[in-house]
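As structure tokens, the structure follows; a few thoughts come after it.
The values are calculated or read from the model by the stated rules, or taken from the named source; none is laboratory data. Predicted model, so just to flag it, every value in this text is computed and none were measured. Glycine also receives a Cβ, built like all others from the backbone with ideal geometry; neighbour counts cover every protein chain displayed. Quick note on the areas: whole protein, heavy atoms, side chains included, nothing else; ligands and nucleic acids left out. Shrake-Rupley method; radii C 1.70, N 1.55, O 1.52, S 1.80 Å.
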Amino acid sequence: MHAPDPPADLAVDLAGTTVWLLPERALWWPEGAMLCLADLHLGKAATFRARGLPVPAGTTQGNLARLAQLLARHPGVQRLVVLGDFLHAAEAHAPALLRALAAWREDHAALELVLVRGNHDRHAGDPPAWLGARIVEEPWSLGPFACCHHPQHRAGQWVLAGHLHPTAVLYGGGRDALRMPCFVAEPGLLVLPAFGEFTGGHAVPAAPGRQRFAVGAGRVWALP
């Protein structure tokens with residue numbers, strides 16, 4: 001008999017409430033009807049091409065399609081919070097990217113969109129007003145959470161952050177090693193993996209008081 005597949009999403013208790021860590025590299029908070037993700041870096045590939053580096057096209061369309069699928073999987077989402085680095089650079093304001101973003105926004109017109117400014121957003125500039133986004137500085141408080149771009153600690157709040165693009169390196173026999181995106185939790189802080197596909201990653205090792213949740217094969221699981 002085939003054993004049932006393990007659940008793809010992972011429930012974690014933070015600040016007296018339950019959040020779900022999603023294999024799409026996002027966080028779902030049902031009590032607040034909030035979907036949270038970090039580091040889209042929309043327009044990064046276009047920026048590289050504009051600066052003479054030969055990288056593939058289509059990453060913005062792919063990222064927006066993944067986001068649309070994620071929202072469809074969670075119809076209860078009323079608010080989308082992006083924890084910084086929504087756009088990658090000034091070149092992200094290219095007509096093709098803006099057209100793709102406008103089409104995505106038209107399909108999700110009722111969604112409240114909150115963008116926490118990150119370091120790349122400051123260089124890229126704010127997105128056009130027609131996006132209908134509420135643009136805020138860190139920390140932005142919502143319930144028990146402080147939504148930030150840069151990982152930090154704040155008294156009395158649990159910080160949700162991005163910026164690091166955390167990954168975990170898993171070692172097998174011989175010289176086998178596998179790098180995977182991961183969520184990283186420490187007391188009072190949860191760092192989300194980068195949502196964008198074209199972002200790279202920073203290896204975060206195991207440490208006392210630190211819990212890592214790896215993302216791969218369509219599921220999230222706690223690492224020892």
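From Leu98, Leu53, Leu64, Leu71, grab the single residue that is over 23 Å from Leu192 (Cα atoms), modelled with pLDDT of 80 or more and not in a strand (DSSP E or B). Answer to the check: Leu98. If you go through the stretch 102-113 and keep only what is outside any loop (DSSP other than H, G, I, E, B) and open to solvent by 20 Å² or more (accessible area, probe 1.4 Å), you end up with Ala102, Ala103, Arg105, Glu106, Asp107, Glu112.
Looking for something of a type in the set (D, E, K, R) and open to solvent by 10 Å² or more (accessible area, probe 1.4 Å) - is there at least one such residue anywhere in the stretch 92-100? Yes, the stretch 92-100 contains a residue that is of a type in the set (D, E, K, R) and open to solvent by 10 Å² or more (accessible area, probe 1.4 Å).
Here the condition is being among the basic types (Lys, Arg) and touching a helix residue (DSSP H, G or I) at 6+ places or on another chain (Cβ under 7 Å); of Arg105, Arg122, Arg99, it holds for Arg105 alone.
Among the numbered conditions (1) at pLDDT below 95; (2) within 25 Å of Trp221 (Cβ to Cβ), the only one that Pro23 does not meet is (1).
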